[in-house]
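I have placed the structure first, in the form of structure tokens, so that the comments after it can refer back to it.
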Amino acid sequence: MRYKDFKYDISGALWSSPAKTEAVYSRVETPLGEVTLLRGPSSTRTPAALADAWEDWVVTLTGVAEVKVRDLGVPLYVGRKRLESGAEGELNGTEFSIRTHSSFRRSARIVSFDGLGITFTVRRLKVYAHEGDNCVATAVAGDWNIITPSPAGIMSICLFVWADMAYFLRTPFFRIL
């Protein structure tokens, strides 16, 4: 999968705006089939959720799996802020959480999908996706080389790209500049 394979069904301005209604925002063809992203307003109706424009995301692998992530932020700034405190979701009924850790040390930067056993790390400008101890995919400059496709791996890679989780694998110096 290449970064340009991710087809956005909306304009760039709408991508970074809060979802007013549930709609398909993006889709991509993968080795296991088409994956689509459905974004909608959050089911959490707290003042913080309304003020920060939290959203519920549903990522669907056609006929195989469905990931639901609750209370995720709009991509870019709000989404990053939300992911710093973690996010909760489920894959076909299996609960998981998304945790991020950023550091000056490259080896300490990680994005993990706890409960699914999937972690994203970076070494020598290459992003690695691990499922347990096995490397399932690598990426250089947004081009993903999927080694062993699994529904959980494919869905997490798509969510990783759409939510811009690579931000947490970059050096914190970029945030200062």
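With +1 on the Cβ of every Lys and Arg and -1 on the Cβ of every Asp and Glu, and nothing else charged, how large is the dipole of the chain about its Cα centre, in debye rounded to the nearest 20?
Working: 21 positive and 19 negative charges, 179 e Å.
Value, rounded to 20: 860 debye.
Using a ≥ b ≥ c from the Cα gyration tensor of the chain (square roots of the eigenvalues), is it rounded, prolate or oblate, where a/c under 1.5 gives rounded and otherwise the larger of a/b and b/c decides, a/b for prolate?
Details: a/c = 1.44, a/b = 1.15, b/c = 1.26.
In terms of gyration-tensor shape, rounded.
For the chain, with a Gaussian network of springs between Cα atoms less than 10 Å apart, report the residue from 141, 13, 65 with the top mean-square fluctuation.
Most flexible of the set in this elastic network: 13.
Taking the mean number of other Cβ atoms within 10 Å as a proxy for protection, how do you rank 166-174, 100-108, 31-39 from highest to lowest? List each step's numbers first, then the result.
Values: 166-174: 14.1, 100-108: 12.3, 31-39: 18.2.
My ranking of the peptides, most packed first, is 31-39, 166-174, 100-108.
For region 1-66, rounded, prolate or oblate, judged on the Cα gyration tensor with a ≥ b ≥ c (square roots of eigenvalues), a/c < 1.5 rounded, else prolate if a/b > b/c? Show your work: numbers first, answer last.
Numbers: a/c = 3.12, a/b = 1.71, b/c = 1.83.
In terms of gyration-tensor shape, oblate.
Which shape class, rounded, prolate or oblate, goes with region 80-119 when its Cα gyration tensor gives a ≥ b ≥ c as root eigenvalues, a/c under 1.5 marks rounded, and past that a/b bigger than b/c marks prolate? Walk me through the intermediate numbers first.
On the way: a/c = 4.73, a/b = 1.77, b/c = 2.68.
Oblate is the answer for region 80-119, as a/c is 1.5 or above yet b/c matches or exceeds a/b.
Compute the FRET efficiency between residue 123 and residue 77 as 1/(1 + (r/R0)^6), taking r as their Cβ-Cβ distance and R0 = 30 Å, and round to the nearest 0.05.
Efficiency for this residue pair is about 0.65.
Of the candidates 62, 138, 30, which one comes out as most mobile in a Gaussian network treatment of the chain with C-alpha springs shorter than 10 Å?
62
Rounded to the nearest whole Å², what accessible area per residue is found for the chain with the 1.4 Å probe? Let's see the in-between values first.
Details: 8940 Å² over 177 residues.
Solvent-accessible surface per residue comes out at 51 Å².
Pairs of Cα atoms under 8 Å, at least six residues apart: use those to get the relative contact order of region 41-115, whole percent.
On the way: 130 pairs, mean separation 14.6, N = 75.
Reported as a whole number, the value is 19 percent.
Report the extension gain between residue 143 and residue 11 in nm, rounded to one decimal, defined as 0.36 nm multiplied by the number of residues separating them, less their alpha carbon distance. Display every interim value, and only then the final one.
Details: separation 132, 0.36 × 132 = 47.52 nm, distance 2.22 nm.
Separation in residues times 0.36 nm, less the Cα-Cα distance, equals 45.3 nm.
Hey, if you put +1 on the Cβ of every Lys and Arg and -1 on every Asp and Glu Cβ in the chain, which of 157, 174, 111 ends up farthest toward the positive end of that dipole?
Result: 174.
Leaving ligands, DNA and RNA out of it, report the carbon-plus-sulfur percent of the accessible area of the chain at a 1.4 Å probe.
Working: 5020 of 8940 Å².
Result for the chain: 56 percent of the exposed heavy-atom area is carbon or sulfur.
Mind listing the phi-derived Karplus ³J(HN,Hα) values for region 67-81, rounded to whole Hz, using 6.51, -1.76 and 1.60 with θ = phi - 60°, and x for any glycine or proline?
In residue order, the calculated couplings are 10, 10, 10, 8, 6, 8, x, 4, x, 5, 4, 5, x, 5, 4 Hz.
Give, in whole angstrom and from largest to smallest, the semi-axes √(5λ) of the equivalent ellipsoid of region 85-177, with λ running over the eigenvalues of the Cα gyration tensor.
Gyration-tensor ellipsoid for region 85-177: 21, 16, 11 Å.
Grab the DSSP H runs of the chain that are 4 residues or longer, score each as -39,500 (n - 2.57), total them, divide by all residues and round the 222 nm result to the nearest 500 deg cm²/dmol. Before the final figure, lay out each step's value.
Values: 5 runs with 33 residues, N = 177.
Here the helix-only value at 222 nm equals -4500 deg cm²/dmol.
Using the Karplus equation 6.51 cos²θ - 1.76 cosθ + 1.60 (θ = phi - 60°), what ³J(HN,Hα) coupling, rounded to whole Hz, does each residue of region 34-45 give in order, writing x for Gly and Pro?
7, 10, 10, 10, 10, 10, x, x, 5, 7, 7, 10
Report, in whole Å, the centroid distance computed from the Cα atoms of region 108-177 and region 49-95.
16 Å
The values are calculated or read from the model by the stated rules, or taken from the named source; none is laboratory data. No experiment lies behind these values; they were computed from the predicted model shown. Cβ: placed from backbone, ideal geometry, glycine included. Neighbour counts: every protein chain shown. Heads up: the accessible areas ignore ligands, DNA and RNA and are worked out on the full protein's heavy atoms, side chains in. Shrake-Rupley method; radii C 1.70, N 1.55, O 1.52, S 1.80 Å.
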